[in-house]
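Below: the structure, in structure tokens.
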Amino acid sequence: MSLRISVVDGALSGKSFVFSDSHPTITIGRHPSCDVVFPADDIRVSRYHVALERKLARYRILMQADNPVWIDGEEAHDGDELPMAARIALGHPDGPQLLLETSEDDDLPPTERYARHVSPARMAEEAERISRFARRLTVVLALVVVAMLMGAGWLAHVDSRRQDALIAQVDKAIQPRAEEELASKLRQASTSVYLVAIKDRNGLSPFGTAWVAAPGVLATSAHIADVFGQLAGGLKLIVRAPGTPVRDFTVTGVTLDPLYRRFEQAWRQYGPVAAGAGGESRSITPAGGYDVALLRVSKADAAKLAPPLPIAPNHTLLSLQPGDVVGYVGFPVESAALGGVNPDDPEPQLQIGRLTALTDFFLVKSDPAHRQLLQHTLPVQGGASGSPVLDREGQVVGILSGGNLVQIGRNGVRVATGIGVNFAQRADLLRQLLNGTAGDHIAATERYWERRLRQYHTEMDLALQDWAASHGASALPPPIFETDGRTEPTPSYDMPVYIHPFRMSKPGWYLFLATAADRTDIDMMVVETTPNGPRMVGINVSPDHYPGVEVDADKAAPATIVVPGPGGTNVHLEVYYLPLRAKPVNAAPVTPAGMR
């Protein structure tokens with residue numbers, strides 16, 4: 001089947017879009033990532049105003065409460081089914097109009113038409129209306145009771161503590177019981193949550209959590225699943241079901257989010273550093289991104305797994321807010337009494353907390369599509385990674401991935417900080433992995449990372465700024481020369497090196513800087529050519545990936561830059577220049593780590 005969307009009025013009037021079965025979800029809004037994009041200045045339309053989702057040859061509306069939509073003049077509700085032909089309006093009954101026409105692509109006779117589908121959202125609204133009435137009635141009755149007691153003078157004869165207790169009882173009677181509802185959902189979900197462990201004939205080493213996400217497939221964190229490819233002979237990765245008798249299922253394969261390692265590599269290569277007051281700086285530890293994975297078991301075991309947990313739909317994930325109640329079921333074991341779990345009868349832990357912030361993986365409150373890092377108050381420790389994070393409806397909204405932990409002592413014991421904020425990956429990352437679309441937009445995602453990473457300094461940035469300041473410059477000038485090369489075996493140096501000639505054309509301060517693309521440890525030597533032969537004027541053999549050598553040239557002279565390192569290392573070379581001048585009082589030359 002196909003869907004034709006024709007814009008009836010506005011800036012896009014007369015334009016049509018046709019979508020085939022290859023587009024199960026069609027988004028409409030002002031954001032450039034939408035399938036139907038309205039002009040940026042048409043503020044009647046939100047960034048992600050509405051989505052159309054195809055299910056069983058019908059399209060249904062996916063929407064948020066603050067983005068109204070009308071179907072043929074009637075206000076739409078989330079989940080409403082579209083007629084074969086319908087006119088929809090965005091934002092207001094008189095807002096931008098679109099004509100939607102669904103057509104079948106086969107020659108089968110038309111299906112008998114039944115009554116129009118009533119969406120769960122519409123039914124829920126009616127139920128909520130009745131519920132609101134009941135709550136209001138409860139409030140009124142409670143207030144009447146309090147008023148009667150006050151009128152009788154009874155409250156005047158009790159102390160304030162008893163008054164507070166009475167008011168608390170009234171509050172408890174009329175407030176939603178979100179945590180109680182969530183606790184019930186967590187208990188129901190616990191049968192589908194499994195302990196992840198490494199097993200051999202000597203015993204079991206638990207270290208993570210997984211849960212059934214689809215028939216024969218469990219979900220967990222990528223850093224948990226990554227262990228599968230590192231197992232030595234005789235070891236196997238298993239998931240153990242809760243309860244007795246013990247039931248183990250051997251993991252036969254894993255799939256990591258394709259962006260998981262790419263994100264780690266991008267962060268490591270950039271090496272972000274926070275610049276603080278007084279010249280202080282510190283390396284920035286990532287919260288982890290795209291940390292989701294799938295575990296597969298054999299076909300024979302697949303039928304024995306518990307039922308899959310429901311993953312929240314995208315419109316629910318996009319509407320999450322700080323303060324929402326969430327909880328998880330999992331197996332925290334690190335540094336816990338009695339090992340945290342009895343492997344012979346694993347009993348998962350249930351925890352309830354609240355979301356504290358929703359950001360991208362750089363802690364920026366970006367557009368809703370990129371707010372895939374859920375920050376929360378749920379306590380975490382090693383072993384809880386991979387646990388499902390549920391909302392009060394019992395839907396999985398996230399996968400527990402890490403927390404603010406510090407390592408202490410020589411044994412590297414990790415303990416929670418007092419921040420009380422930990423992390424989970426939003427569940428749409430998992431849905432993309434399940435439906436095979438996780439790698440569809442890698443290039444665009446990496447460009448997004450590059451833009452975000454630029455907000456940070458690197459160790460090299462700060463060192464270059466300090467070098468310029470130490471020579472009286474108010475800002476670092478651009479490099480006067482730069483090029484790329486590669487280390488190759490060179491008999492005259494008896495090691496792989498990258499060699500490049502350079503002429504210091506005038507007196508001044510020269511800074512030669514090489515960086516290894518893969519952050520490999522490399523060194524640098526600068527050799528000046530003199531009438532009496534080669535003369536070493538600078539060397540850097542410090543253990544780092546960005547060696548620099550400063551040369552104080554009192555006259556023009558040719559030189560050779562030599563960069564030793566592992567064979568095949570890609571090297572970027574830059575040369576900076578500052579004219580000779582008096583240095584600031586009490587200032588000493590400051591150059592990147594190890595520069596000579």
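Given a Förster distance of 51 Å, report the FRET efficiency between ASP66 and ASP521 from their Cβ-Cβ distance, rounded to the nearest 0.05. The pair ASP66/ASP521 has a calculated efficiency of 0.45.
Pairs exceeding a 28 Å alpha-carbon distance, out of LYS199/LYS304; LYS55/LYS236; LYS15/LYS55: LYS55/LYS236. Averaged per residue, segment 476-515 has 56 square angstrom of accessible surface, using a 1.4 angstrom probe with ligands and nucleic acids left out. For SER474, the accessible surface of its heavy atoms amounts to roughly 130 Å² (probe 1.4 Å, protein chains only, rounded to the nearest 10). At full extension, GLU179 and SER2 could sit 59.4 nm farther apart than now, given 0.36 nm per residue minus the alpha carbon distance. Between ASP494 and LYS15, what is the FRET efficiency for a Förster distance of 56 Å, r being their Cβ-Cβ separation, to the nearest 0.05? It comes out at approximately 0.25.
Length gained on full extension, ALA357 to ALA303: 15.6 nm, using 0.36 nm per residue less the C-alpha separation. Extension gain, GLN321 to LYS236: 0.36 nm times the residue separation minus the Cα-Cα distance gives 26.6 nm. A Cβ-based charge dipole, computed about the Cα centre of segment 453-498 with Lys and Arg at +1 and Asp and Glu at -1, lands at about 140 debye. Note on LEU580 and GLU528: the model spin-label points, each 7 Å out from Cα along the C-beta direction, lie 1.0 nm apart. Please work out how much accessible surface LEU256 shows to a 1.4 Å probe, ignoring ligands, DNA and RNA, in Å² rounded to 10. Around 30 Å² of this residue is reachable by solvent. Taking segment 239-276 and a reference point 7 angstrom along Cα→Cβ of GLN455, the backbone N atoms nearer than 19 Å belong to 263-264, 266-276.
State, to one decimal in nm, how far the label point of ALA443 lies from the label point of ARG486, with both points 7 Å from Cα in the Cβ direction. For the pair ALA443/ARG486, the computed spacing is 2.3 nm.
Remark: spin-label model distance THR252-GLU393 equals 3.4 nm, labels positioned 7 Å along the Cα→Cβ axis. Solvent-accessible surface (1.4 Å probe) assigned to ILE224 amounts to roughly 10 Å².
Taking a point 7 Å out from the Cα of ARG187 in the direction of its Cβ, the residues of segment 328-366 whose backbone N falls within less than 13 Å of it are 350.
The values are calculated or read from the model by the stated rules, or taken from the named source; none is laboratory data. Computed from a predicted structure; not experimentally measured. Reconstructed Cβ throughout: ideal geometry from the backbone, glycine too, with neighbour counts over all protein chains shown. Remember, those area values only see protein heavy atoms, side chains included, never the ligands or the DNA or RNA. Shrake-Rupley method; radii C 1.70, N 1.55, O 1.52, S 1.80 Å.
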